[in-house]
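The values are calculated or read from the model by the stated rules, or taken from the named source; none is laboratory data. Only a predicted model underlies this, so the values are computations on that prediction, with no experimental measurement involved. Please note: Cβ atoms are built from the backbone with ideal geometry, for glycine as well, and neighbour counts cover all protein chains shown. What goes into the accessible areas is simple: the full protein's heavy atoms, side chains included, and nothing from ligands, DNA or RNA. Shrake-Rupley method; radii C 1.70, N 1.55, O 1.52, S 1.80 Å.
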Amino acid sequence: VERVGQLLKSGDLKDIVCIPTSVRTKEQAESLDIPLVTLDTHSKLDVAIDGADEVDPDLNLVKGGGGALLREKMVEVCADKFIVIVDESKLCDGLGPGFPVPVEITPFCHEHTMRTVAGLPSCSGCKPVLRMGSSSSNVNDGDEIAVTDNGNYIVDLHFEVPIKDAVKMAEEIKNTVGVVDHGLFCGLTTAVIIAGSDGISVKD
């Protein structure tokens, strides 16, 4: 965001509009005079650029550590290209053990929804943990239930072994009543730009 603001200010970047995926990013963009719109007026996007918490060999992702998974997914499914930028520590052989999978759920009967999700066949072995404190961190940093920008709660699913079928899990969780969306981003990634000890590489 800061780099886009710099390029706009210098004149190297022109004639663009951007859609932020969180209140925090929106405030940062506004402070840098980046022109902002929403999906209500611009439903077709050229490119979405974002990070990820985990990336598997098939370029499936875990996202949502910062709590903005729903808005991120809404924007990224509308983009012709979705470019992910990570460092090499985010690469994994299988999603799950390296970073919990966040699931955004409605506050209404949230404990019931937690149990239902944890009981799904594809989620076998997971430990569901309700996010507390700040919604932008999956580390417990408060006594109150974390609330997303959309007014929902987040359950973080902790796995000790790699998820066997991320695509199936994504489908089962999404089809659960009470679930708004989840942090599994499957089949959306165009390319991953990786910063590593040997320099920059691209996987697509």
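How large is the Kirkwood hydrodynamic radius of the stretch 138-204, counting all unique pairs of alpha carbons, in Å?
15.3
Under a Cβ-only charge scheme (Lys and Arg +1, Asp and Glu -1), can you give me the dipole magnitude of the chain about the Cα centre, in debye to the nearest 20?
280
At 222 nm, what value in deg cm²/dmol follows for the chain if DSSP H runs of at least 4 each add -39500 (n - 2.57) and the sum is divided by all its residues, to the nearest 500?
Computed mean residue ellipticity for the chain: -6000 deg cm²/dmol.
Could you tell me which of rounded, prolate or oblate describes the stretch 16-118, using a ≥ b ≥ c as the square roots of the eigenvalues of the alpha-carbon gyration tensor, with rounded for a/c under 1.5 and, failing that, prolate when a/b is larger than b/c and oblate otherwise? Let's see the in-between values first.
Details: a/c = 2.03, a/b = 1.32, b/c = 1.54.
Note, shape of the stretch 16-118 comes out oblate.
What residues qualify as long-range amide H neighbours of I145, i.e. H under 5 Å apart, gap of 5 or more or another chain, H built at 1.01 Å from N?
Amide H neighbours of I145: G133.
Please get the size of the charge dipole for the stretch 98-149, origin at its Cα centre, with Cβ charges of +1 on Lys and Arg and -1 on Asp and Glu, quoted in debye to the nearest 20.
Result for the stretch 98-149 is approximately 280 debye, rounded to the nearest 20.
From the C-alpha coordinates alone, can you work out the Kirkwood hydrodynamic radius of the stretch 54-204, in Å?
One decimal place: 15.7 Å for the Kirkwood radius.
Ignoring ligands, DNA and RNA, what percent of the 1.4 Å accessible area of the chain is carbon and sulfur?
52
Per residue, what accessible area does the chain have, given a 1.4 Å probe and all protein chains present, in Å²? Could the numbers behind the result be given before it?
Working: 11070 Å² over 204 residues.
Using a 1.4 Å probe on heavy atoms only, each residue of the chain averages 54 Å².
Amide H to amide H, which residues 5 or more places from H182 or on other chains are under 5 Å from it, using H placed in the peptide plane?
Sorted by chain and number, the residues that satisfy this are E104.
So which trypsin sites (Lys or Arg not before Pro) in the stretch 127-204 pass both tests, a DSSP loop state and at most 15 other Cβ atoms within 10 Å of the Cβ?
K164
Net charge near S124: determine it from the other residues with C-beta under 12 Å of the C-beta of S124, scoring Lys and Arg +1 and Asp and Glu -1.
Working: positive: K127, K164, K168; negative: E160, D165, E172.
Local charge sum for S124: 0.
Roughly how far apart, in whole Å, are the Cα centres of the stretch 1-74 and the stretch 115-168?
Measuring centre to centre over Cα atoms gives 24 Å.
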